[in-house]
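Read the structure below first, then the notes.
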């Protein structure tokens, strides 16, 4: 498919992007953290294309963006009541949380690790896309070992016509902060858009 021109956040164009994603296309969208290379989390075809164009290590899972908390139920997530309370407190937000997955249905997402990182973006516009498309894999918009694209222009330099669309818009300049639950404690694995100290306060029971 020929790459589309840069698109703006307008309802009609969001509808177009959503239809492309539902038909297993992949492309660039801005998030509330950084630009992401997205595709449907329910499409093995889209997921494998993203690994290929990013030249990503096939053993590394991809982050999944969801629209609302109940969406994690589609992924057989195993979670305690206290952990659920923390998630509902920090989402929507710029914190991604690694959660354990039961079963092998989504092995193409967790890549044998048994875990997937999830996040509900703060941006209402991104959540509007997610309402139409369902959950999206959304790694950073760059080939492995290169800096994340800070603009659509840079993303085009990276991917050209290898992907199907580019959607421009305002983003942050840092990836999400990454945490996981470890024996009822919160472990901060990566400081990003949310500082470690703030993440610790937000996730305090």
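Mind jotting down the distance between the C-alpha centroids of segment 65-88 and segment 12-53, whole Å? If you average the Cα positions of each part, the centres end up 22 Å apart. For segment 178-204 and segment 98-160, what is the centre-to-centre distance using only Cα atoms, to the nearest Å? Centre-to-centre distance over Cα atoms comes out at 20 Å. For segment 11-202, the relative contact order works out to 31 percent when only alpha carbon pairs closer than 8 Å and six or more residues apart are counted. Using 0.36 nm per residue and subtracting the Cα-Cα separation, the extra length available between residue 22 and residue 131 on full extension is 38.1 nm. Taking 7 Å steps out from each Cα toward its Cβ at residue 52 and residue 74 produces label points 2.4 nm apart.
When a/c reaches 1.5 or more, the comparison of a/b and b/c decides; with that in mind, is segment 151-205 rounded, prolate or oblate per its Cα gyration tensor? Prolate. Distance distribution P(r), segment 44-144, all Cα-Cα pairs, bin width 5 angstrom from 0: 2, 13, 23, 25, 20, 13, 4, 1 percent. Under a Gaussian network description of the chain, with springs only between Cα atoms under 10 Å, the residue in 109, 136, 189 that fluctuates furthest is 189. Between rounded, prolate and oblate, where does segment 82-140 land on the alpha carbon gyration tensor, with a ≥ b ≥ c its root eigenvalues, rounded for a/c under 1.5, else prolate if a/b exceeds b/c? Oblate.
Once you order the gyration tensor axes a ≥ b ≥ c over the Cα atoms, which shape class does segment 109-149 get: rounded for a/c under 1.5, otherwise prolate or oblate by comparing a/b with b/c? Taking the square roots of the gyration eigenvalues as a ≥ b ≥ c, segment 109-149 is oblate.
Secondary structure note: in the chain, about 65% of the DSSP beta bridges are antiparallel.
Two-decimal Rg/Rh of the chain from alpha-carbon positions, Kirkwood Rh? Don't skip to the end; give the middle numbers.
On the way: Rg = 16.1 Å, Rh = 17.0 Å.
Dividing the radius of gyration by the Kirkwood radius yields 0.94.
So if the hydrodynamic radius of segment 104-205 is defined as the Kirkwood radius over C-alpha pairs, what does Stokes-Einstein give as its diffusion coefficient at 4 °C and 1.567 mPa s, in µm² per second?
Numbers: Rh = 16.2 Å.
The estimated diffusion coefficient comes to 80 µm²/s.
Laboratory data are not the source of any read-out in this text; all were calculated from the coordinates shown. Because the structure is a prediction, the values reported are computed rather than measured. Note that each Cβ is placed from the backbone with ideal geometry, even for glycine, and that neighbours are counted across all protein chains shown.
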